[in-house]
Each structure stands twice: as C-alpha cells, then as structure tokens.
Amino acid sequence: MHANTGKILRINLDDNSISVFSPDEELYKKYIGGSGLAAKLFYDMADFNCPALDPQAMLIFMNGPLAGVKFSGTSRMSAAGRSPLTNIFAESSCGGHFPPQLRYAGFDGIIITGKAAKPSLIHITRGKAEIVDAGWLWGTPISTANEKIKTKFGTQSKSLVIGPAGEHLVSFACILSNAHHAFGRCGFGAIMGSKNLKAIVIDHQNFNQSYYDSAKLHTLTNEITPRIKEHIFTQVLNDFGSAGNLEGHMYTGDVPIKNWSENFNEEMAENLTGSTISERYLTRKASCAHCVVACKRIIRIEDSPFAISEGPGPEYETVAALGCMLNSSDLAAVCKAGRVCNDLGMDSISAGATIAWAMEAFEKGHLTLHETDGIALEWGDLCTVIEKVLPAIAARKGNLGMLLSHGSKKAAEHIGNNSISYTAQSKGLEAPMHDPRGGGHGHALAYAVSPRGACHVSTAMHFMETGACNYPEIGFEFDLEALTDEKKPETMVLAASIGSIENSACFCQYADRPLSFNEMLELVNLSSGYGHTLDSFIEAGLRIFHLKRLINHRYGTVRADDALTERMLEPAREGDGAGILINFESMLNKFYSLMNFDDQKGIAKEETLRKLDLL
Amino acid sequence: MRNPSISITIEGAGFLRKKIGTRTIVMPPGSRVSDIKKQFPVDTDLRVIVFVNRKKASDSHALHNGDLISIVPIFFGG
Ligand code: SF4
C-alpha cells in the first residue's frame, strides 16, 4: 500500500481493548479514503438501531490518501457517525496538523465504540495507542485543556478535544483540534462526550511515508504550488481570511441577516468583512500543515468590553452566524462570541442559527420570559449572548439552555406555533451562511440533498455556482447564472461527485480551487497508486454520495426529507434576489431523475446501485 | 449641441474596496457597464458583478450622470 498505511485503530472503551484492523485494499480505491471510506465502514459495521449517543454508537475518524503529503490543502480528515442533532448520518471535516501526525504514527483512521468508565483520553504514539485517565481535563474549556495537554504530552503534540458542551451532550457540540481547527458540524463533540472521551492526543511524529511515485508526486506538487500561491483566491484568503469577501457576498444577497429575514446591511458589511478583521485585530496568520494559503487568523482585542487574548480568530461562517444572523455589526463582540463558542466547544453555525431563531421567536412572543429564564433575547445584544445564552446552552442549564441545546428544529417542534417555519435548516442541520435566494438557487438544491442536511461543502455546488472552478475535463465549463434554476440539477450531479471526491481524498476546498480536475486525480494516483481514470474517479464520487443516501434511508429518510423550510424559500425582501421565487421542486424533480432516484425513497434505484456496486 | 459627459462614482466592494477605492470619473455620453469593466480590469480568475445604484446591471446597461457603480467580486465563501 502507498500513502495509506492500511491500518485502522479499533478501540472499544467498554473494555479498553485496542486492536488494529485492516480493511480490504480494494475498499480504499473504491471509496478513496476520508469521508468515503468512513461511510463505507460505518455502513458495514455500525448498528443502525443504536441511538446517536448510545455507548455502542460508532465514531470514526479517517484520513484520506493525501494526509501527510507536503502539499497545500491536504492536511484534512473526516469524521463519521450518527448525529445527535439530526439523527441521521453525520460527517464533518477538519484541518490542522492532526491528520498527517496520525498518518506518520502509522494509522489511516480510528474507530471508537463503547463508553469509558470514567473521563478518559486516547494517547497515540508511533504504532500504538493507550487509554489513559482524563479526570484532570474534564470540565475544562477547550483552550485550557489544550494547554494542559501540551504541558503533559509536549508542545508538539496534536490533539482533538471537546469542551463543556460535548461533556454535557449538547446536540451541536464540536471537536477542536489544537483549540483552533474544528470538526464543527453534526454534534461530534457530544458523541465523544457520550463516550466519556475528552481527547485524542498524538505525540509528535517525524515524517515517514512512501508514495506510489514519489518523484513524480514531488515534481507535480512543486509545479502546482507557485500557481496556488499566486492565485487571486489565495491572496484574498491569505490577506483577509475566509471572511475576506463577506462584503462582496452581502451585495449579492448571499449573507443571511437577522435569521434570514434581511439580505443587505452596509454597516454590517463594512464592519464585519475580513479586511476589517485584519486591519483591527490580526496579530499573525496561521495555517494547516504544509499549506501556503494560510487562511487562518490569529487575533487579539484590547481596550474593548469584548477584549480577548491572542488566539484563533473567526472564520466567515462564525462571523456571519454570530454577527449577521444576530443582527450585530460589532466586530469585537462577534470575535468574542466566536471565541466563547469555541472554548465551550460548540458549532458556531448551529449555535448562531439556533439563537437567531430564538430571538425571532422572542420577538414574536412564541418564546416568553418564562421559557428564557428571564433573559430578554434582543436582536444585536451580543453581551447577553456571550454572558448568558452560550454558557447556558453549553451547560444545558435552565429552560433556555436545555431548549436551545437541541438545535433549532427540535426547539421549534417543542414550542410549536409554527415556529419551524422560520428555522433555516434541512434534516435538522442548520444551514450555513450562504442564502440561496441571493447567492445562487443551486445552493437550495445542494442544501436539500446533501447527505448530512443543509451543507455547502459536502458537494461542490457552492464553488461551481460562484464560478470558483471550471473542469472542462469532465464537462463543466460554463458560467452559471446565480438566480435561476438553469443547469443547476445537471451541475448538482457533478457537484455531488466532486464534493464526495474532495471530502474523501481530503482536499481543502479553499486550497484546491486553482487545481484542475486532472491534477486532483494525478495527486491521488501518484500518492496512493489507486490508478483511477477520470471516469472511475467520478464514479467513485457518485458511489460515495449514493452510499451516504443509503445510510440515511436506513435511518428512515425519504424524499420528503429533501426539503427546505418556508423561511429559506420565501422570496428575499431586498437586494438582487428580491421577489424572485426559487424553482425548488422543479430542480429537485430533475435531480431525482438524473440520479435515477426512487421518487418516494430518495435513494437510487436498484440498477444504479448495482452499477455502483452498492448492492 | 453635443451631449455633455457623465460623471459617475465607482467603488470597489469586498476585497476590491482597497484595490479600486471610491472615485468619481467622467465618462463619455452613451457609456455602458462594459466600458467600466474595461477601465478596471481585475484578475482573470475572478468574476465580478457590476451593480448600478445597488441593482445588478448587465454589460449593456447604459450609464447616467450621478450613477453609483459598485464592482463586486464573486468569490466563494467560508
Ligand atoms: S486553505 Fe486554510 S483551511 Fe485550507 S488547508 Fe490551507 S490553511 Fe487550512
């Protein structure tokens, strides 16, 4: 085997048993790695009757073939399991430095079941693992836990850690790697918490990997790297971070404001955009391993009621979810809210979207002071969000904390009053901060059919619709008009495959934008020796997408679940998309037909499943 | 009598705010959005949308005296 080690750690926390498992080599090629291989192992091995937070629930972390390659945007990995937020298949992707270290330690992934008798951590060093007590970490915020881990295991150790929200089983608790990079979505922090697992730590490892064709791989990465460095996308991401074009998004109506009820706010655009973050608070830039893009922000805020020490700054999604969605233009407050959310270990998208829904419910009288424990939920009041609401959710304390800890869909179902109509989610996963009514109608389709719920990164639609990529090799070479449904279902078919490939090979979707599709294929083949052709690569992407839909169907999803809420589909009130209806059902029908989906079940028909070797 | 020239204000939005800034320029009568794009070429990898008085405008849109032109980069999000 090349690039991959062929070894996956299998850990049962019930009895502290640790073994090494080697999947069939053919599976690596068919499912590429990362999210695809994790989904396949989950499909084959998980107990589908097992609730998300049951001790026997399965939690998988999986590298792609590129983890460890010294090249931009390859230091990512995937997690898979059952989501406590959506109750269906959960997946999430995380960058940083953990993925190559796991590979250098000799493992492609980790499969965890069972529940430790007391708070524990998994400690991995070259070729082996042990389960050790983590009582000394339990209850600590993520930044504190990260510092303590570095003191004990060395400053170069790499970790995955949960915060108090994960310990308290908040449905959208996240996992942070080295207190910066997040497995943000779907509640993986709660899955770890339910297993009494506070952290996974790897000692520093030296590079050691063999590739199928090291010389050619080296030549190719050397050839592409200058192009990545010079690309306009890289320059923007490097100068201003992922929020670098928040202002531009605002003009097109792509940024949801005030719980998706507004689309343009000039003051907000100027105050919260990435260049303002850089000008005011940036102290330095940071990156995932081996990445020349360096889009990560390190910030410090002084002389402000929202002062924060030097540490990770917010990504675009965090700025929009905790700023625009809550109707605040106060950048310092937004940065602080993001920091608090991180430290407590919660997904900032779901947290922001759920609080935004609660603010609207409070305004409408659907939530009263009784249900909010006397806390007035006023638009733009980030002081209350930071001091009261986020800590209450993370601790699942009081009526409000308990209600919101389940996410917006379950909270809305609980209070009734048709408040579900103004949630912004699909299958229970709060939508990311791109509003299809302004950003592009294809996003609506992508949110509805993405396996984990409303998501803009599990497929490549977001990047294809915004013109950020062009793949003539596979027939995608047209500009899409954002505010129509024209060619969106056809694009979605390709987007489903490309997104699955990116998340399985574990390419970063920022850093890989300047790559051609052929180059992505070459990078995977030269490192792993899979020998994929363009056709078989695309087919593998589709196989992975269909497989995740099959998993969801086992959990009971059907076509009716491929839906968006009323709020997401009502015409925008302002901006370019004002008054325009999204032709949602027609796009969905066409996509179903192109994918040969069963109209009721929402999964591919038998002949397609057979063709993809899924039956 | 010849048509007088038109005076328009141009601003860059998003990360083009720094690059283009805000300025007022004089254009010949009959100028269109496509003429503005020629004056402010941006990276070939970048798509831009031009807004006239905050409304999206096509290349053939005719410009008028006093128009506010925003050049907005289309760029994937976070
Ligand atoms: S572009 Fe940013 S997120 Fe992607 S690998 Fe590089 S530093 Fe990490």
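The values are calculated or read from the model by the stated rules, or taken from the named source; none is laboratory data. Not measured: the values here are computed from a predicted model. Using ideal geometry, Cβ is built from the backbone for each residue, glycine included, and neighbour counts are taken over all protein chains shown. Please note that ligands, DNA and RNA were not included when accessible areas were found on the heavy atoms of the full protein model with its side chains. Shrake-Rupley method; radii C 1.70, N 1.55, O 1.52, S 1.80 Å.
Only one entry in A:LYS590, A:LYS605 is of a type in the set (D, E, K, R), more than 30 Å from A:GLU247 (Cα to Cα) and touching a helix residue (DSSP H, G or I) at 6+ places or on another chain (Cβ under 6 Å), namely A:LYS590. A single member of A:ALA165, A:ALA179, A:ALA173 is farther than 20 Å from A:GLY109 by Cβ, within 16 Å of the ligand (Cβ to nearest atom), away from every other protein chain (no Cβ under 14 Å) and small (Gly, Ala, Ser), and it is A:ALA179.
Output the residues belonging to region A:469-489 that are open to solvent by less than 30 Å² (accessible area, probe 1.4 Å), within 10 Å of chain B (Cβ to nearest Cβ) and over 25 Å from A:ALA578 (Cβ atoms). Listed by number, the list holds a single entry, A:CYS469. B:LEU68 passes all but one of (1) open to solvent by 40 Å² or more (accessible area, probe 1.4 Å); (2) more than 12 Å from the chain's Cα centre (by Cα); (3) aliphatic (A, V, I, L, M); which number fails? In the conditions (1) open to solvent by 40 Å² or more (accessible area, probe 1.4 Å); (2) more than 12 Å from the chain's Cα centre (by Cα); (3) aliphatic (A, V, I, L, M), B:LEU68 misses (2) alone. Against the test of being within 16 Å of the ligand (Cβ to nearest atom), open to solvent by less than 10 Å² (accessible area, probe 1.4 Å) and touching a strand residue (DSSP E or B) at 6+ places or on another chain (Cβ under 7 Å), the options A:GLY114, A:GLY95 yield a single qualifying residue, A:GLY95. Kindly check whether there is at least one residue in region A:247-257 that is more than 10 Å from chain B (Cβ to nearest Cβ), more than 14 Å from the ligand (Cβ to nearest atom) and either surrounded by 23 or more Cβ atoms within 10 Å (Cβ to Cβ) or of a type outside the set (Asp, Glu) (or both). Yes, because at least one residue in region A:247-257 is more than 10 Å from chain B (Cβ to nearest Cβ), more than 14 Å from the ligand (Cβ to nearest atom) and either surrounded by 23 or more Cβ atoms within 10 Å (Cβ to Cβ) or of a type outside the set (Asp, Glu) (or both). A:SER275 falls short of the stated requirement of being modelled with pLDDT of 95 or more and either within 8 Å of another protein chain (Cβ to nearest Cβ) or crowded, with 19+ Cβ neighbours inside 10 Å (or both). Can you name the residue in region A:258-275 that is over 30 Å from A:THR225 (Cβ atoms) and assigned to a helix (DSSP H, G or I) and is also nearest to the ligand (Cβ to nearest atom) among such residues? Among residues in region A:258-275 that are over 30 Å from A:THR225 (Cβ atoms) and assigned to a helix (DSSP H, G or I), the one nearest to the ligand (Cβ to nearest atom) is A:LEU272. Among the residues of region A:440-467, the ones that are of a type in the set (A, V, I, L, M) and open to solvent by 10 Å² or more (accessible area, probe 1.4 Å) come to 1 in all.
Across region A:203-239, the qualifying residues are those that are among the hydroxyl-bearing types (Ser, Thr, Tyr) and away from the ligand (no atom under 16 Å from the Cβ), and the one among them that is nearest to the other protein chains (Cβ to nearest Cβ) is A:THR219. Looking only at residues in region A:559-610 that are of a type in the set (Asp, Glu) and part of a loop (DSSP other than H, G, I, E, B), the one that is least open to solvent (accessible area, probe 1.4 Å) is A:ASP562. Residues considered: A:GLU490, A:GLU486, A:GLU481. Of these, the only one that is at pLDDT below 95 and in the same structural domain as A:ASN583 (by TED's automatic domain parsing) is A:GLU481. Residues of region A:27-49 that are open to solvent by 10 Å² or more (accessible area, probe 1.4 Å) and either within 25 Å of A:LEU85 (Cβ to Cβ) or aromatic (Phe, Trp, Tyr) (or both): A:LYS40, A:TYR43, A:ASP44, A:MET45, A:ALA46, A:ASP47, A:PHE48, A:ASN49. Scanning region B:52-78 for residues that are away from every other protein chain (no Cβ under 12 Å) and small (Gly, Ala, Ser) yields B:SER60, B:ALA62, B:GLY66. Taken over region B:20-51, residues that are loosely packed, with under 13 Cβ neighbours inside 10 Å and within 14 Å of chain A (Cβ to nearest Cβ) amount to 4.
Just for region A:304-317: of the residues that are assigned to a loop (DSSP other than H, G, I, E, B) and either within 12 Å of the ligand (Cβ to nearest atom) or not hydroxyl-bearing (Ser, Thr, Tyr) (or both), which one is farthest from the other protein chains (Cβ to nearest Cβ)? Applying the filter and picking the extreme gives A:PRO305. Here B:SER7 fulfils each of the conditions (1) more than 14 Å from chain A (Cβ to nearest Cβ); (2) surrounded by 20 or more Cβ atoms within 10 Å (Cβ to Cβ); (3) not acidic (Asp, Glu) apart from (2). The residue that is nearest to B:LEU16 (Cα to Cα), counting only those in region A:278-288 that are surrounded by 15 or more Cβ atoms within 10 Å (Cβ to Cβ) and within 16 Å of the ligand (Cβ to nearest atom), is A:SER278. Taking the numbered list (1) at pLDDT below 95; (2) assigned to a helix (DSSP H, G or I) in turn, A:ARG513 passes all entries but (2).
Do we have any residue at all in region A:289-303 that's in the same structural domain as A:LEU326 (by TED's automatic domain parsing), more than 16 Å from the ligand (Cβ to nearest atom), on the phi > 0 side of the Ramachandran plot and not hydroxyl-bearing (Ser, Thr, Tyr)? Yes, there is a match, as at least one residue in region A:289-303 is in the same structural domain as A:LEU326 (by TED's automatic domain parsing), more than 16 Å from the ligand (Cβ to nearest atom), on the phi > 0 side of the Ramachandran plot and not hydroxyl-bearing (Ser, Thr, Tyr).
Looking only at residues of region A:490-519 that are open to solvent by 10 Å² or more (accessible area, probe 1.4 Å) and more than 14 Å from chain B (Cβ to nearest Cβ), we find that the one that is nearest to the ligand (Cβ to nearest atom) is A:ASN503. Restricting A:ASP24, A:ASP54 to residues that are within 28 Å of A:LYS409 (Cβ to Cβ), out of contact with any Gly (no Cβ under 9 Å at 6 or more places or on another chain) and open to solvent by 10 Å² or more (accessible area, probe 1.4 Å) narrows the list to A:ASP54. In region A:318-412, counting only helices (runs of 4 or more DSSP H) that sit wholly within it, the ones holding 1 or more residues that are open to solvent by 20 Å² or more (accessible area, probe 1.4 Å) and among the aromatic types (Phe, Trp, Tyr) span A:348-364.
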